[in-house]
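The values are calculated or read from the model by the stated rules, or taken from the named source; none is laboratory data. Nothing here was measured: the structure is a model prediction, and the numbers come from that model. Neighbour counts run over all protein chains shown; Cβ positions are idealised from the backbone, glycine included.
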């Protein structure tokens, strides 16, 4: 047997096997590459799909945000409320379009320091002072300041402010919502003026109700109310108290002879004399046509008689040379006794008045 031929026949299968193995390896490598490329392409496609979806979502959110901002600006315009932000510490101001309208400025006007100094000659210092006073305040607070429009008109703005703090606790910015409250103040002033006027009218009406229009003395209702109150006080303090009732003698004859105009002048002149005779704590009122009531607190019977007699003499002397008919008065007085009421005291003094008239007039009589 040929040894060389035997070796050749043996190597041939090995070569074929090696070739087959090589081809298989190459095929495996090609398949792996194709699979890897396919997987890479799939991953890239998935990434592009996710990115496209994220972009669409972001675009949708941006459109929604733009719509929300537009709605907010419309709402601000309808409500007359502007947004204002002050970034610290550089004090950079940012505000919304409605703030331009509130400040009487063209749209898109930036709030520069020069503009603010011109717009708020005094209000800028007011704003800084208030913001400084609330530098560490975590709760919302109110700021008010004045602005001067380009027309020279002064307006009052009110802001609801809130501080925004950084991680280190330092204030980084101040957010404010601002409203023009000039008209509010005008309404408040108008209401206050109307309230003041109403109180004045009420006081005038009360005064008219409590004052006799002709003489300027207390009206019957007012003097009788004073009588009730002063008797209660006298009884509480256990102090003396007296009253004098007086009227003009033959007053009807004055009206009949000289007319009611002259009669009114007589009443007016008599009232002036009475006021001069009365003390500071006394009250005098007209209770009838020519009848008057004089309240004398802290006054006993003797002092009441002396006061009535001085008044009688003053009226007789005071009308002697006056440009009116001469007049005299008759008077009756009464001093309060324990447990007595206003009506009883008044009735006793009135009875004393008629006693003075019965005895001849132009005199003073005391109550029984």
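Evaluating residue 138 against the criteria (1) touching a helix residue (DSSP H, G or I) at 6+ places or on another chain (Cβ under 7 Å); (2) surrounded by fewer than 17 Cβ atoms within 10 Å (Cβ to Cβ) leaves one unmet condition, (1).
Listed here are the residues, each with its yes/no results for (1) closer than 30 Å to residue 169 by Cβ; (2) more than 26 Å from the chain's Cα centre (by Cα).
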{"position": "88", "(1), (2)": "yes, yes"}
{"position": "118", "(1), (2)": "no, yes"}
{"position": "125", "(1), (2)": "yes, no"}
{"position": "141", "(1), (2)": "yes, no"}
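Residue-wise test of (1) free of Cβ contacts under 8 Å to residues at least 60 places away in the same chain; (2) touching a helix residue (DSSP H, G or I) at 6+ places or on another chain (Cβ under 9 Å).
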| position | (1), (2) |
| --- | --- |
| 260 | yes, no |
| 268 | yes, no |
| 276 | yes, yes |
| 295 | no, yes |
| 305 | no, no |
| 333 | no, yes |
| 352 | no, no |
| 357 | no, no |
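Restricted to strands (runs of 3 or more DSSP E) entirely inside the stretch 254-368, those with at least 1 residues that are at pLDDT 95 or above and under 52 Å from the mean Cα position of the chain (by Cα) are 283-286, 291-297, 329-335.
Residue by residue through the stretch 98-107, note down the ones that are over 15 Å from residue 151 (Cα atoms) and buried (at least 16 other Cβ atoms within 10 Å of the Cβ).
Residues satisfying the conditions are 98, 99.
Checked against (1) under 30 Å from residue 102 (Cβ atoms); (2) out of contact with any strand residue (DSSP E or B) (no Cβ under 9 Å at 6 or more places or on another chain); (3) at pLDDT 90 or above, residue 181 passes all but condition (2). The residues listed here are 110, 133, 159, 117; of these, the one that is buried (at least 16 other Cβ atoms within 10 Å of the Cβ) and either assigned by TED's automatic domain parsing to the domain that holds residue 181 or free of Cβ contacts under 8 Å to residues at least 40 places away in the same chain (or both) is 159. Just one of (1) surrounded by fewer than 17 Cβ atoms within 10 Å (Cβ to Cβ); (2) part of a strand (DSSP E or B) fails for residue 200. It is (2).
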